[in-house]
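To start, the structure itself, in structure tokens.
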Amino acid sequence: MSFKFPSLWIAVAAIAGAGVALPAAAQFAKPEDAIKYRKAAFTVMATHFGRVAAMANGRIPFDAKAAADNAEIATIASKLPYAGFVEGTDKGETKAKPEIWKEKARFDETARKLQDDVAKLNAAAKTGNVDQIKAAVGAVGQTCKSCHDTFRKE
């Protein structure tokens, strides 16, 4: 089964546009806007990572091109959500724990680790080697879990 993403280039352009607009996006009008932004960015990242993980774990058929495309988008998206963790976004409709702001250096380091791990997944996906992809998916999953355990409310 081959995955076709007719809107793939639209998604890539939107994410790239968001990256270019990031300095402006960092100055949200209201805290709720920042919360919505980071939730949306995490959703995009998780969706594309999830597609690669599903292939790596055999839940859906492996498609090297789809894995590479999705890993690329996840890599770009992994850089976006952290602009939304600004002052005043610790309250409201969020699962963010207060530890994010109390342990900001640790949170930032976890974010960098996630970005590094997703970049390694992207490199593995470009090889088309499912064993390399599986290993990289495992590392990303562990980093996600670590962050959720420490910094995310259930």
Only one of ALA125, ALA83, ALA119 is closer than 24 Å to PHE28 by Cα and among the aliphatic types (A, V, I, L, M), namely ALA83
Of the conditions (1) closer than 28 Å to ALA64 by Cα; (2) of a type outside the set (Val, Ile, Thr); (3) free of Cβ contacts under 8 Å to residues at least 24 places away in the same chain, ALA125 clears all except one; give me its number.
(3)
Of a type in the set (D, E, K, R), more than 14 Å from VAL140 (Cβ to Cβ) and open to solvent by less than 40 Å² (accessible area, probe 1.4 Å), is that true of ASP33?
no
Counted residues in the stretch 84-121 being among the hydrophobic types (A, V, I, L, M, F, W, C) and touching a residue at least 40 places away in the same chain (Cβ under 8 Å) come to 8
Residues in the stretch 128-154 that are of a type outside the set (A, V, I, L, M), touching a residue at least 60 places away in the same chain (Cβ under 8 Å) and either in contact with a Ser or Thr (Cβ under 7 Å, 6 or more places away or on another chain) or farther than 17 Å from LYS79 by Cα (or both): how many?
2
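Can you name every residue in the stretch 89-147 that is at positive phi and either surrounded by 16 or more Cβ atoms within 10 Å (Cβ to Cβ) or among the β-branched types (Val, Ile, Thr) (or both)?
Step one: list which residues in the stretch 89-147 are at positive phi, which gives 92, 128.
Residues satisfying the conditions do not exist here.
The values are calculated or read from the model by the stated rules, or taken from the named source; none is laboratory data. Note that the structure is a prediction, hence the values are computed from the model and not measured. FYI the Cβ positions are ideal-geometry reconstructions off the backbone, even for glycines, and counts take in every protein chain you see. Side chains are part of the model used for accessible areas, which takes the heavy atoms of the whole protein and leaves out ligands, DNA and RNA. Shrake-Rupley method; radii C 1.70, N 1.55, O 1.52, S 1.80 Å.
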